[in-house]
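Chemist: Below is a structure I'd like to ask you about.
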Amino acid sequence: MKTSSQHAGVPVLSAQRIHKRYGQNEVLKGISLTVRRGDVLCLIGPSGSGKSTFLRCINQLETPDSGFIQVDGELVGYTRKGNHFFGLSPRAIARQREKTGMVFQSFNLFGHLTVLENIIKAPMLVQRKSREEATEAALALLERVGLSAKVDAYARHLSGGQQQRVAIARALAMKPSLMLFDEPTSALDPELVGEVLAVMRDLAAEGMTMIVVTHELRFAQEVASHVAFMDHGVIVESGTPTDVLVHPKEQRTRAFVARARGHS
């Protein structure tokens, strides 16, 4: 059965004029973005620019104060009847959240469970899959992220890079339309960053639709189809990796890219 995003012209993600405020601090100031199937969008920018908050709004971990988000053509968090909007029930929100897999800075694995148990837990509880079906899918995902040998290891015994690869497999187990990565390598030792980025490169090459908040500009330049530079809650500049990272038009973008690349 095809999802709506597989029909021509329907984006996987459409965000329109997203605003989010915490007290007097307006973190998002009217973010609008469209991501189509197979796109890899890298969000770059200084800390506090609103990148992670935007991802959390997509995954309904935060509720925008105004604006609309659609995933697979479906309005996120609300149902519309005429000109009126009504908030969805927690059950309906949970169902929608299955469409967006999210990988955080911290791995958020259950340390007392094995790698396999971490991956099959949600498909069995949320999607009501049998243990056999969930296990078969999990084993294929572990092979995909290069961790077949760790199936029975406890999560707490893995390196940070291995834990993050398990977290990616766990998110993929729900068969999402869109993968969200929030600085997935920022908590890793430098020598472990490459193994996680390699998995993400493979996902991009396979056509996975992804939004990646990252400070890894080389990764963004090599893998992204689009790059957006955010600062102070707005998108300052967006375009191809060459547009934004090699020939940025805006002074703020040029300054950020120069700092991130270690130039004076």
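Chemist: For L75 and A258, compute 0.36 nm times the residue count separating them, minus their Cα-Cα distance, and round to one decimal in nm. Let's see the in-between values first.
Modeler: Working: separation 183, 0.36 × 183 = 65.88 nm, distance 3.82 nm.
Residue separation times 0.36 nm, minus the Cα-Cα distance, leaves 62.1 nm.
Chemist: Along Cα→Cβ, 7 Å out, is where each label goes; now give me the distance between the ones at E26 and V10 in nm to one decimal.
Modeler: 3.3
Chemist: Okay, next question. To the nearest 500 deg cm²/dmol, what mean residue ellipticity at 222 nm is calculated for the chain from DSSP H runs of n ≥ 4 alone, each contributing -39,500 (n - 2.57), summed and divided by the residues? All intermediate terms of the calculation are to be shown ahead of the outcome.
Modeler: Working: 8 runs with 87 residues, N = 264.
About -10000 deg cm²/dmol.
Chemist: Also, quick follow-up: Search the structure for amide H atoms under 5 Å from the amide H of L88, placed 1.01 Å from N in the peptide plane, and list their residues when 5 or more places away or on another chain.
Modeler: Excluding prolines and chain starts, which carry no amide H, the hits are Y78, T79.
Chemist: Ranked from the most accessible area to the least, with a 1.4 Å probe and all protein chains present, what is the order of K150, K129? List each step's numbers first, then the result.
Modeler: Working: K150 70, K129 35 Å².
Listed by decreasing accessible area, they come as K150, K129.
Chemist: Separate question: Starting from the amide H of G30, placed 1.01 Å from N in the peptide plane, find each other amide H under 5 Å away whose residue is 5 or more places distant or on another chain.
Modeler: When sequence neighbours closer than 5 places are left aside, the close amide H contacts are I18, H19, K20.
Chemist: Let me ask you something else. Going by a ≥ b ≥ c, the root eigenvalues of the Cα gyration tensor, does segment 144-185 fall in the rounded group (a/c under 1.5), the prolate group (a/b larger than b/c) or the oblate group?
Modeler: Working: a/c = 2.47, a/b = 1.48, b/c = 1.67.
It is oblate, given that a/c is not under 1.5 and a/b is not larger than b/c.
Chemist: A follow-up question, please. In sequence order, what are the phi-derived ³J(HN,Hα) couplings for segment 28-43 according to the Karplus relation 6.51 cos²θ - 1.76 cosθ + 1.60 with θ = phi - 60°, rounded to whole Hz, with x for glycine and proline?
Modeler: Values per residue, Gly and Pro as x: 10, 10, x, 6, 10, 8, 10, 10, 9, 4, x, 5, 10, 9, 9, 9 Hz.
Chemist: Using mean Cβ contacts within 10 Å as the protection proxy, how do 20-26, 174-180 order, highest first? Let's see the in-between values first.
Modeler: Working: 20-26: 11.4, 174-180: 19.7.
Ranking, from highest mean packing down: 174-180, 20-26.
Chemist: By accessible area of protein heavy atoms, probe 1.4 Å, what ranking do H247, H215 get, highest first?
Modeler: Details: H247 120, H215 90 Å².
Per-residue accessible area, sorted high to low, gives H247, H215.
Chemist: Kyte-Doolittle mean at least -1.0 and Cα extent at least 15 Å along the axis: which DSSP H helices of the chain qualify? Mind dumping the intermediate values first?
Modeler: Details: long enough: 115-125 (16 Å, 1.09); 131-144 (19 Å, -0.36); 160-172 (18 Å, -0.18); 190-205 (23 Å, 0.89).
Span-like helices here: 115-125, 131-144, 160-172, 190-205.
Chemist: A follow-up question, please. Is the chain best put as rounded, prolate or oblate by its Cα gyration tensor, with a ≥ b ≥ c the root eigenvalues, rounded for a/c under 1.5, and otherwise prolate when a/b is larger than b/c, oblate when not? Could the numbers behind the result be given before it?
Modeler: Working: a/c = 1.76, a/b = 1.15, b/c = 1.53.
It is oblate, given that a/c is not under 1.5 and a/b is not larger than b/c.
Chemist: Apply 1/(1 + (r/R0)^6) to the Cβ-Cβ distance of H232 and S66, taking R0 = 25 Å, and write down the FRET efficiency to the nearest 0.05. Walk me through the intermediate numbers first.
Modeler: On the way: r = 18 Å, r/R0 = 0.71.
The value I calculate is 0.90.
Chemist: First select every other residue whose beta carbon is under 9 angstrom from the beta carbon of K51; then total the charges, Lys and Arg +1, Asp and Glu -1. All intermediate terms of the calculation are to be shown ahead of the outcome.
Modeler: Working: positive: none; negative: D182, E183.
In short, -2.
Chemist: Rank these residues by their accessible area, most exposed first, probe 1.4 Å: M200, M102. Numbers along the way, then the final one.
Modeler: Values: M200 0, M102 25 Å².
Output order, biggest surface exposure first: M102, M200.
Chemist: Same structure, new question: Hey, quick one: spin label on M124, modelled 7 Å out along Cα-Cβ, who in segment 135-168 has an amide N within reach, i.e. under 17 Å?
Modeler: So the set is 135-142, 151-155.
Chemist: State the Cα centre-to-centre distance between segment 223-264 and segment 103-145 in whole Å.
Modeler: When both Cα centres are located, 36 Å separates them.
Chemist: With a 1.4 Å probe and all protein chains kept in place, how much accessible area does I93 have, in Å² rounded to the nearest 10?
Modeler: Approximately 40 Å² of I93 is accessible to the 1.4 Å probe.
Chemist: Express the accessible area of the chain per residue in Å², computed with a 1.4 Å probe while the remaining protein chains stay in the model.
Modeler: Values: 12990 Å² over 264 residues.
On a per-residue basis, 49 Å².
Chemist: Mind checking which lysines have their C-alpha under 18 Å from K51, skipping anything on the same chain fewer than 8 residues away?
Modeler: Filter leaves K20, K29.
Chemist: Which residue, E74, E222, E191, tops the fluctuation ranking in a GNM of the chain built on C-alpha contacts under 10 Å?
Modeler: So, out of E74, E222, E191, the one fluctuating most is E191.
Chemist: Just R131, R97, R56 to compare: in a GNM of the chain, with alpha carbon springs under 10 Å, which one fluctuates most?
Modeler: Answer for the Gaussian network model of the chain: R131.
The values are calculated or read from the model by the stated rules, or taken from the named source; none is laboratory data. These numbers were taken from a predicted model, which means no experiment stands behind them. Please note: Cβ atoms are built from the backbone with ideal geometry, for glycine as well, and neighbour counts cover all protein chains shown. Surface accessibility is based on the protein's heavy atoms, side chains included, excluding ligands, DNA and RNA. Shrake-Rupley method; radii C 1.70, N 1.55, O 1.52, S 1.80 Å.
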